[in-house]
Amino acid sequence: MRIRFYSAQKYDEQFFTAANAAFGFELHFSEAKLDADTARLASGVDAVCAFVNDNLDHDCLAALKEAGVQVIAMRCAGFNNVDLNAARELGLAVVRVPAYSPEAVAEHTMALALTLNRNTHRAFNRVREGNFNLNGLLGFNLHGRTAGLVGTGRIGVATARVMSGFGLRLIGYDVFENPDFVALGGEYVSLDELYGQADLISLHCPLTEDNHHMISHDALSKMRDGVMLVNTSRGGLVDTQAVIEALKSGRVGYLALDVYEQEGPVFFRDLSDEILTDDMLSRLLTFPNVLITGHQGFFTEEAMAQISEVTLTNLEQLRTGKECPNELTAQLD
């Protein structure tokens, strides 16, 4: 099987090449983002491997089909950027990696919250300049506070497990209640109750049409003044303009983002020598109580090894005609 990787970085090549020793596929890596224009690069391959910011709309999928591609392998859990109905109509199989080291994202979530709360990123820069003043670095004890988790799947529960160690009271909201969350002492509440009670709100749900911009003006109005909001899930869950206004009013006291709704042209790229043209992102970066990382919550050795192994296993199962439990197109109604 010949596989074309899109949006590939050096670390993708490193981990997938290592994992491929057990499969023997022919791998081709490209930094190009996958869309209708770059689909032509897939000519002559059997499968393409895409990532979170690739655009697999109908036009892109049709171009891939014309190029001879048979399988779309997403090396991530999310698939909101794939037109699954179009894929099925075109006869393209779509597979994904539904779970990989949930602890990686959970630990990054907590790292963001702790850094933002105790201002260790600002203290680091001060001390390097010989400034040991503590003014402006005041934090608060997490112990005894309330953490609200929106989404209590594998990653949400892994995050809850870490938070419970800090003595946080756990409340959660999910369409499907998870007994593992309850076993940690978590209590399920309505979404409005979560907004009203939580000192720290952490998002761990997939992006769908129904929850796009769930963190809206209305949702923010129901939150406590000074709330900490952390998003390590999908950028589209947060209405960026609404949260900017909430930062200006003090409704949001702390904002940590590992994802951003317009991250496609920016994340996973070095733009240090260029002018940042995204006005909302530029505005966010001016706030001292905002911490942004470039979609690195998944980025650990363990997670990368699992992503590589599961992705190639998915492709091997399809190649040999075996049932693939991670095939999305086979799960459509």
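Annotations
- Pairs with Cβ under 6 Å, 6+ apart, first in segment 22-35 and closer than 14 Å to Asp46 by Cα, second open to solvent by 60 Å² or more (accessible area, probe 1.4 Å) and of a type in the set (Lys, Arg): Glu26/Arg2
- The set of residues from segment 298-333 being closer than 26 Å to Ala106 by Cα, of a type in the set (D, E, K, R) and in contact with a helix residue (DSSP H, G or I) (Cβ under 8 Å, 6 or more places away or on another chain) comprises Glu302, Glu309, Glu327.
- Matching residues, segment 33-81, being small (Gly, Ala, Ser), under 20 Å from the mean Cα position of the chain (by Cα) and either farther than 16 Å from His295 by Cα or assigned to a loop (DSSP other than H, G, I, E, B) (or both): Ala73, Ala77, Gly78
- Scanning segment 144-172 for residues that are within 28 Å of Pro206 (Cα to Cα), of a type outside the set (Ser, Thr, Tyr) and open to solvent by 30 Å² or more (accessible area, probe 1.4 Å) returns Arg145, Gly153, Arg154, Ile155, Arg161, Val162, Gly165, Phe166, Arg169.
- Candidates Leu138, Leu134, filtered to the one that is more than 15 Å from Met228 (Cβ to Cβ) and open to solvent by 50 Å² or more (accessible area, probe 1.4 Å): Leu134
- Residues (under 22 Å from the mean Cα position of the chain (by Cα), open to solvent by 40 Å² or more (accessible area, probe 1.4 Å) and not polar (S, T, N, Q)) located in segment 1-28: Lys10, Tyr11, Glu13, Phe15
- Selection within segment 221-252 - open to solvent by 30 Å² or more (accessible area, probe 1.4 Å) and assigned to a helix (DSSP H, G or I): Ser221, Gln241, Glu245, Lys248, Ser249
- Number of the exception - Asp210 against (1) more than 23 Å from Ala99 (Cβ to Cβ); (2) exposed (fewer than 15 other Cβ atoms within 10 Å of the Cβ): (1)
- Answer from Thr232, Thr286 - the residue that is under 26 Å from Phe140 (Cα atoms), modelled with pLDDT of 95 or more and within 13 Å of the chain's Cα centre (by Cα): Thr232
- Number of positions in segment 31-50 that are closer than 22 Å to Tyr11 by Cβ and surrounded by fewer than 21 Cβ atoms within 10 Å (Cβ to Cβ): 5
- Residue check, Phe268 more than 29 Å from Thr146 (Cβ to Cβ) and either in a strand (DSSP E or B) or aromatic (Phe, Trp, Tyr) (or both): yes
- Val175 being over 17 Å from the mean Cα position of the chain (by Cα), farther than 15 Å from Ala106 by Cβ and open to solvent by 80 Å² or more (accessible area, probe 1.4 Å): yes
- Selection count where residues are of a type in the set (Ser, Thr, Tyr) and either under 16 Å from Glu316 (Cα atoms) or without any contact (Cβ under 8 Å) to a residue 40 or more places away in the chain (or both), scope segment 1-21: 1
- When segment 318-333 is filtered for residues that are closer than 18 Å to Phe23 by Cβ and touching a residue at least 60 places away in the same chain (Cβ under 8 Å), the ones remaining, listed by number, are Leu318, Arg319, Cys324, Asn326, Glu327.
- Ile292 meets all of the listed conditions (1) open to solvent by 10 Å² or more (accessible area, probe 1.4 Å); (2) closer than 23 Å to Asn117 by Cα; (3) under 16 Å from the mean Cα position of the chain (by Cα); (4) in contact (Cβ under 8 Å) with a residue 60 or more places away in the chain but one, namely (4).
- Residue within segment 253-262 that is open to solvent by 80 Å² or more (accessible area, probe 1.4 Å), of a type outside the set (A, V, I, L, M, F, W, C), modelled with pLDDT under 95 and over 20 Å from Pro98 (Cβ atoms) present: yes
The values are calculated or read from the model by the stated rules, or taken from the named source; none is laboratory data. These figures come from a predicted structure and were not determined experimentally. A quick note on method: Cβ atoms are made from the backbone with ideal geometry, for glycine too, and the neighbour counts reach across all protein chains shown. Keep in mind that these areas ignore ligands, DNA and RNA; they rest on the heavy atoms of the full protein, side chains included. Shrake-Rupley method; radii C 1.70, N 1.55, O 1.52, S 1.80 Å.
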